[in-house]
1. So is Ser154 free of Cβ contacts under 8 Å to residues at least 12 places away in the same chain, among the hydroxyl-bearing types (Ser, Thr, Tyr) and more than 28 Å from Leu205 (Cα to Cα) or not?
2. Considering only residues of the stretch 105-120 that are surrounded by 14 or more Cβ atoms within 10 Å (Cβ to Cβ) and farther than 18 Å from Arg56 by Cβ, which is nearest to the chain's Cα centre (by Cα)?
3. Yes or no: the stretch 54-77 includes at least one residue that is assigned to a helix (DSSP H, G or I), out of contact with any Asp or Glu (no Cβ under 8 Å at 6 or more places or on another chain), more than 22 Å from Leu197 (Cα to Cα) and free of Cβ contacts under 8 Å to residues at least 40 places away in the same chain.
4. Pairs only if they're at least six apart or on different chains, beta carbon under 7 angstrom, first in the stretch 13-33 and at positive phi, second of a type in the set (S, T, N, Q) and loosely packed, with under 12 Cβ neighbours inside 10 Å; list them, first residue then second.
5. If you scan the stretch 18-52, which residues turn out to be assigned to a loop (DSSP other than H, G, I, E, B) and charged (D, E, K, R)?
6. Of (1) of a type outside the set (Gly, Ala, Ser); (2) farther than 24 Å from Asp172 by Cα; (3) open to solvent by 60 Å² or more (accessible area, probe 1.4 Å), Asp11 satisfies all except one. Which?
7. Somewhere in the stretch 18-26, is a residue touching a helix residue (DSSP H, G or I) at 6+ places or on another chain (Cβ under 6 Å), farther than 24 Å from Ile223 by Cα, surrounded by 13 or more Cβ atoms within 10 Å (Cβ to Cβ) and not aromatic (Phe, Trp, Tyr)?
8. Go through the stretch 82-101 and give me each residue that's charged (D, E, K, R) and either touching a Gly at 6+ places or on another chain (Cβ under 6 Å) or over 22 Å from Leu20 (Cβ atoms) (or both).
Amino acid sequence: FSAFSNPLETDENGHTNILLLGTGNADHDGANLTDTIIVASIDKNAGTVSMLSIPRDLFVEIDELYGWNRINSVLELVAQQEMYDNPAMTEEQAYTKGYEVMTQTVSKILNIPIHYYARINFDGFTQIVDAIDGIDVNVEEALYDPLYPADDGSINYQTFSVDVGLQHFDGDIALKYVRSRETTSDYSRSQRQQAVLSAIKEKALSLGVLTSPTKLKNLYNAIGDNFTSDLS
């Protein structure tokens, strides 16, 4: 509890459920498609956080207005429709409605309340990892992807690979590691994303970061510029 913030909402089990969304940048195709969807459930009493990844291609019934669609398109679909129906509506207002429908959809699928959401883009992700001087990830299965998108934004590909064992990732490598999907399943990609989130948490709460004003400032700037949430 902090005197400077409101207490977190909880469900009947004392859990706080937060919808974590990952999207591309403004210059990325499908910049507002939520290709990473993770529900993080915080159990304050047990001191644990459980994570559940939802496949981006899951076909769901959104509501009577929007019908059935892939879950990763809900945010973009609702926001664009809101702006079309209400020309005076700002983009921020439209996407606020999109987040509302997105959380309702996930809540309906899992039959649990979703209390908050948080969205981050590619830039924010890489900058956060770099702000804490990289992360250490125990790679349990080697990754080889000759079809990873080229860095120059062209239609070309590059080869990305990671060996088994403890690896140190900077922001660029960490992003490739959690995005790669052509040679593995969506399930293994979800496992990689959760492992990276855990590594970021461990590094961010280490003394090397918490006692460094420069790293904390860089971390704050990375989050502030690329992060959207209804958390205060």
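The values are calculated or read from the model by the stated rules, or taken from the named source; none is laboratory data. Bear in mind the structure is a predicted one, so any value in this text is a computation, not a measurement. Positions of Cβ are backbone-derived with ideal geometry, glycine not excepted, and every protein chain shown enters the neighbour counts. Protein only, heavy atoms only, side chains kept; ligands, DNA and RNA dropped before computing areas. Shrake-Rupley method; radii C 1.70, N 1.55, O 1.52, S 1.80 Å.
1. So Ser154 fits the description; yes.
2. Tyr116
3. yes
4. Gly14/Asn45
5. Step one: of the stretch 18-52, the residues assigned to a loop (DSSP other than H, G, I, E, B) are 24-35, 44-47.
Those that are assigned to a loop (DSSP other than H, G, I, E, B) and charged (D, E, K, R): Asp27, Asp29, Asp35, Lys44.
6. For Asp11, the exception is condition (3).
7. Filtering the stretch 18-26 for residues touching a helix residue (DSSP H, G or I) at 6+ places or on another chain (Cβ under 6 Å) gives 19, 24-25.
Now restrict to residues that are farther than 24 Å from Ile223 by Cα: none.
Within the stretch 18-26 (the criterion being touching a helix residue (DSSP H, G or I) at 6+ places or on another chain (Cβ under 6 Å), farther than 24 Å from Ile223 by Cα, surrounded by 13 or more Cβ atoms within 10 Å (Cβ to Cβ) and not aromatic (Phe, Trp, Tyr)), the answer is no, since none of the residues qualifies.
8. Glu82, Asp85
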